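Read the structure below first, then the notes.
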Amino acid sequence: MKIHRVMGAMVAVLSVALFIVTSSSPVHAQATAQPAEVKEDETNLDTQLFLIVATNQPVNDEKLPASLDNVVKQLRAALPFKNYRLAATLINRVKNEGRLDLSWIGGPLATSNVSATAPAPSFSYFKVRQVSLVQNSEGQSLVQMLGFNFGTRIPIQTGAFASADKAFPQINYEGTGLATDISMREGDPVVVGTLNVGPSGDAIILVVSAKRTQK
């Protein structure tokens with residue numbers, strides 16, 4: 001009789017335990033949530049690279065963009081050149097944390113050393129390994145350019161030769177460039193560096209700015 005009572009009690013306990021396990025399983029399944037979908041950052045940045053030629057030679061009365069007024073004031077205070085002219089403006093759009101890579105053939109950046117009758121082109125490239133929006137220690141928003149790299153080959157006239165009663169300039173190319181990492185406030189043009197361009201005594205001033213694209 002006692003054996004039957006013990007067996008009955010064990011069966012009751014097992015039934016209760018089985019009921020608890022069975023009823024709790026769906027609750028556990030419902031609690032397992034699917035991972036949230038991570039949205040891709042669609043922020044884009046508009047970048048501007050200005051190539052300014054600094055020279056002591058006369059230049060046409062061409063005004064530089066108003067956005068460069070503060071930069072030109074800084075250049076006049078720091079450098080001994082009399083005149084500045086804008087040689088090129090490069091506008092590009094790049095995704096946040098994206099890269100930028102371009103090259104081009106343009107008009108001569110410095111013409112004072114090359115015959116005006118046979119102007120030679122310059123060959124240039126501009127690369128940035130990564131353009132990113134970051135914050136400094138004070139929480140201010142900055143644009144960071146890692147692997148900023150600019151280079152150009154400038155035509156330099158080293159002599160002349162005659163052919164069929166005509167004179168032709170003898171041109172050699174001189175390479176110059178700059179590589180660095182920089183950070184700047186959004187929308188504020190900053191001077192990246194100065195590059196000499198040979199016996200003419202002129203210099204190329206690299207100015208860059210970047211800001212978020214307006215939607």
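Summary of values
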{"read-out": "Label-to-label distance, nm, for residues given as residue 162 and residue 41 (7 Å Cα→Cβ offset)", "value": "6.5"}
{"read-out": "Residues of type aspartates and glutamates that residue 82 reaches as a straight line, Cα spacing below 12 Å, ignoring anything fewer than 8 places off in the same chain", "value": "202"}
{"read-out": "Net charge over other residues, Cβ less than 13 angstrom from the Cβ of residue 69 (K, R count +1; D, E count -1)", "value": "+2"}
{"read-out": "Over 24 Å (Cα to Cα) - which of 63/95; 95/127; 73/95 fall in this group", "value": "63/95; 73/95"}
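Taken together, the values in this text are just the output of simple stated rules run on the coordinates, not laboratory data. Predicted, not measured: the structure shown is a model, and the values here were computed from it. Every residue, glycine as well, gets a Cβ built from its backbone with ideal geometry; the counts of neighbours run over all protein chains shown.
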